[in-house]
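Read the structure below first, then the notes.
Every number in this text was worked out from the coordinates using simple rules, so none of it is lab data. Not measured: the values here are computed from a predicted model. Methodologically, a virtual Cβ is constructed for each residue, glycine included, from the backbone with ideal geometry; neighbour enumeration extends over all protein chains shown.
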């Protein structure tokens, strides 16, 4: 294997990992704080992609500058996060916080099924493609190979920004430290007067916004079509479980690992491309049952 | 739940609404037709237009007095709802609804699944779109007939076109979807390539999964290896994504692309598909078919379909039209044999053997193994005035006999008997005319 | 006389907190050993170590000469060391009798898959133990519905159903109404003696200690500060200052 | 009452059904066959563990039936195929089980999911062996050595499925009330104490896991030989999700819930697909939400509760089939 190929594989892996991270980090955050594994997370990814693609196509139709697509992505993601995520938390999740994990999981599974259906009803079955932002950023040349700046530079930068933004938010802002407090010890946090409900609402909206931001950012690179969410869920699970549930930095590393594993497979063992994320997840969990960065907690007796 | 839905009830209601009382005294009121098609999932890019076509054709048939005086009534089943739901619903149609004929299906997997069921239930089934060559090669069939070509001539035509137009290539790579069609089509193509041009080196065999959202790594690898030819039999959203990403990164600059199913994506892709890409349409049909585009019925069909859906017909639409054409021809033939009286089901099935019928391309014949002989149209993409997407130019039409395995012969074994003279297979050539 | 259960040089710390720093303690057959000491001194931790729930950083624990460290709670239970808990650890969704039968079934060997739990041959014995601890009246109630005192007793009964050689109890009568404490301890200690069960119990109530223990160990600052018969230990001025007085 | 009167009555009715409504046979065969993996899920739920990967055993059963049938020539013999599927899923259950019983809750669910997705990918990958996404054709086997027409064969399979389901329901019912079954419930409410009783939670879970894998495998084989095909979709995670869905729908507290859930699920799916057109997923999703929010005991559990109330008996059943035991040990 030549160095060139390693570099190429690494670039593709980073670009893919960045996108996966953007989606998976929301799921990880939500699980860390609320202890709910949100199956509907992939649907929010799809909703974000659909919203961004249809807004983008509409904007292009109005003759607006393609540069406006970038702020539009954030707006689209936030709109999905606040409306769909907010409504789901307020009217559904709030009723089930006392339930067992399994039932919570199934509630989100039900939402997933419904949202899959809703997507088809709203957007139909034909693929959407909105690649103006991708073209707008142009190409870069690495080792004689053309890459899109959007995938190779922009997406990883956004992922880094989200990673450090979240770290900053959780460590240095009041809302963030409240979230951390609830993550670490819900009872103690409630005991000192933290309103867990508001924390949950905030967290969930952030998580959904991140998922749909991932979808919005993915839309210029891929066909937006029904079923795109179902695969992303499994991938997000793989990242979240590999990282250790609730581990934000861990999710970044796990996403990178899965991205690199996948692109290396394309270059050296294409037949393994599909199984790669699951193999990584199985291997990591077999060696470290709580994930790469997860912590075990013993029951107090 | 991989996207599942059924438009069937709406469609059935619609079909009921358009159905009218029968004219002829001896004919039954209705011919009931069950149609399986994708109305959900990725393959609905074929299924939904085909469904629209079926409804449109049924309207036309009924407005013209039906088939031998009987109105056709359609029942749709969603192939996207999964194998069990599909067989359950098909069974219900056959056993409870008592349909006269089934038309199944788009997915080869579903065809493989349903053909033995149809044999057992003893109901006429028209394989209206699925491509796997295995079906009639592996098992004989009494009740199943295919009204279009299969994977073997489709791939042979693509290979021949490539060899005739670009004889000097030295390296090839494949990027196919990782499922039966992607694998089978490459097996046929590469087996023939090895016989006809053994010196060609296969530099990459990539099978990203069906529905993959990203091909960046595949494209990087192709950019690094720079094959002369890149083949992809992908379709739908996968093909769109692949072409978009490949175009953006300049993969089209140095490699010739062969995209045998691109006709079905070309209207969505628009200008993203560059000129000079070898494009196929899985058969002998195209809305600008050089031999039939000026026929009145072709023009009317294309216009009406555009009016109904806003798009030009794609190959699955033509396949649906062929299935109806065959059905109509079979009823007519059977009625004639029956002294002009309305035929019973067995007579219709008997009429299917050796049936000659015409869709919107050259005439077709059903062979003794129940497989239709259909010519193949290939060409390259070209941007022309009047269309906001590339059309197919420099067309070649290959007659079916020369490019498919004879009845009873296995395709791969047949390909094993080919030699370099196969490249000389004759083709009619056409340029696009304004 | 050889010790039945013997701990040597146990060291364990959690972060900066030293819970045990060279603890040595012997339990002899027939003992009713009470462990007393200030809150948070590490008494429960010691029980956790002896039963394999925690692993100390250094030291050894032997039972009948056999090394216990590294074994799981399950393996240690199977050797004959049972444990009752400060916070009752019951199977909340099942009835008291079902809780007991599960313990009895486990003690009797492999668990069956197709006989009903209620029909196992050990049922009479399980009911007898419930009778002994005065819980027969609640045997058909779901464990989570019981008042705290009853839960505590069922917790001990579960350990007794294992017919252990040694029973480790963590504040057996905390949570039990004080009017009932002595009656319960009378029957309990009686049952232990009758079945020749050696017992160790962590206790805060000095009256309980002086009544029911034959030996007392004082745990303080991660060490055994003093050890001996109750009348001797409980009157020691230093013990009074550090433990009893506090 | 439920198991002594209603269960035999249902089995009897089902046995008589082909004489009255033979057009229901195909539908009911699928209902019975798919209830088998759901029983397995219900058994695991006793210990609070949810497998999001049991479709893997379902697929293993179906593919084994296909391979063995092909190897025997013709289609093989139904009972041998079922036996082979049972053996294969037991072995696979043991192999996967040894790993997954070390994990709990989300990790248990996820690891199962990962294993099943690996299998799913392999089934799609090894196209020359498995037929890839087109699936593996399963020819019609003989029934007790008899070659059969499709109608007779389906009639036979109907009774085979019914008998196996009845057996499985009875067995699972006994298992749930056995020491192992109670140990499962105990694992859910307090695994630490289970250890302190000298019971191995892992071994207990493993035994039940293997049993549940076997049920899923036999169910998969039945669906496979009935449909005449096994596809990689059999192993996809949404199918595993469906099994869990059906378990909750029917009521995870009662074995009979598997049958009730399976029947309702398939019924909704078929009728919604036929009459509600493009909204059947929406319908199913709403159903599931409704059940969890308003009748968490599922269909059977809710009926039992209503029955008990009607007879004026105070029930000791918890409102949720899974209980709220997590907090109970505090």
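Taking the fewest neighbouring Cβ atoms within 10 Å as the starting point, the ordered list for C:55, B:333 is C:55, B:333.
Of all DSSP-defined beta bridges confined to the protein assembly as shown, some 50% are antiparallel rather than parallel. Each of A:242, D:238 was scored by other Cβ atoms within 10 Å of its Cβ. Listed from fewest to most, they are D:238, A:242. Among D:200, D:189, D:116, the largest mean-square fluctuation in a Gaussian network model of chain D, built with springs joining Cα atoms closer than 10 Å, belongs to D:200. In terms of Cα atoms, the Rg and Dmax of segment B:265-341 work out to 16.3, 56 Å.
Footprinting exposure proxy ranking of D:67, B:318, fewest other C-beta atoms within 10 angstrom first, gives D:67, B:318. For Cα pairs less than 8 Å apart in space and 6+ apart in sequence, what is the mean separation divided by the residue count of segment D:2-235, i.e. the relative contact order in percent? So the answer I get is 42 percent.
Using C-alpha pairs under 8 Å with a sequence gap of at least 6, the mean separation divided by the residue count of chain C gives a relative contact order of 27 percent. Peptide A:146-155 has a mean of 3 when you count, residue by residue, the C-beta atoms of other protein chains within 10 Å of its C-beta.
Going by a ≥ b ≥ c, the root eigenvalues of the Cα gyration tensor, does segment D:1-154 fall in the rounded group (a/c under 1.5), the prolate group (a/b larger than b/c) or the oblate group? Oblate.
In this simple spin-label approximation, residue A:173 and residue B:296 carry label points 7 Å from Cα along the Cα→Cβ vector, and these lie 7.1 nm apart.
In deg cm²/dmol, rounded to 500, what helix-only [θ] at 222 nm does the protein assembly as shown give when every DSSP H run of at least 4 residues adds -39500 (n - 2.57) and the total is split over its residues? Calculated at 222 nm, the ellipticity per residue is -17000 deg cm²/dmol.
Using DSSP, restrict attention to beta bridges with both residues in chain B and report what percent are antiparallel, rounded to the nearest 5.
Numbers: 18 of 49 bridges.
Roughly 35 percent of the beta bridges in chain B run antiparallel, per DSSP.
Separation of segment B:131-146 from segment B:173-250 is 28 Å, based on Cα centroids. Mean separation of Cα pairs under 8 Å and 6 or more residues apart, divided by the residue count, gives chain B a relative contact order of 16 percent. For the Cα atoms of chain B, what angle does the longest principal axis make with the long axis of helix B:315-337, in degrees from 0 to 90, nearest 10? So the helix axis and the longest Cα principal axis differ by about 40 degrees.
Mind running the shape call on chain A? Use the C-alpha gyration tensor, a ≥ b ≥ c as the square roots of the eigenvalues: rounded below 1.5 for a/c, prolate if a/b tops b/c, oblate otherwise.
The shape class here is oblate.
At an R0 of 45 angstrom, the distance between the Cβ atoms of residue D:146 and residue A:272 translates into a FRET efficiency of 0.50. DSSP assigns beta bridges within chain C; of those with both partners inside it, close to 55 percent run antiparallel. Shape of the protein assembly as shown from the C-alpha gyration tensor: prolate (a/c of 1.5 or more and a/b above b/c, with a ≥ b ≥ c the square roots of its eigenvalues). Look at where the Cα atoms of segment A:218-238 and of segment D:1-61 average out, and the two centres are 34 Å apart.
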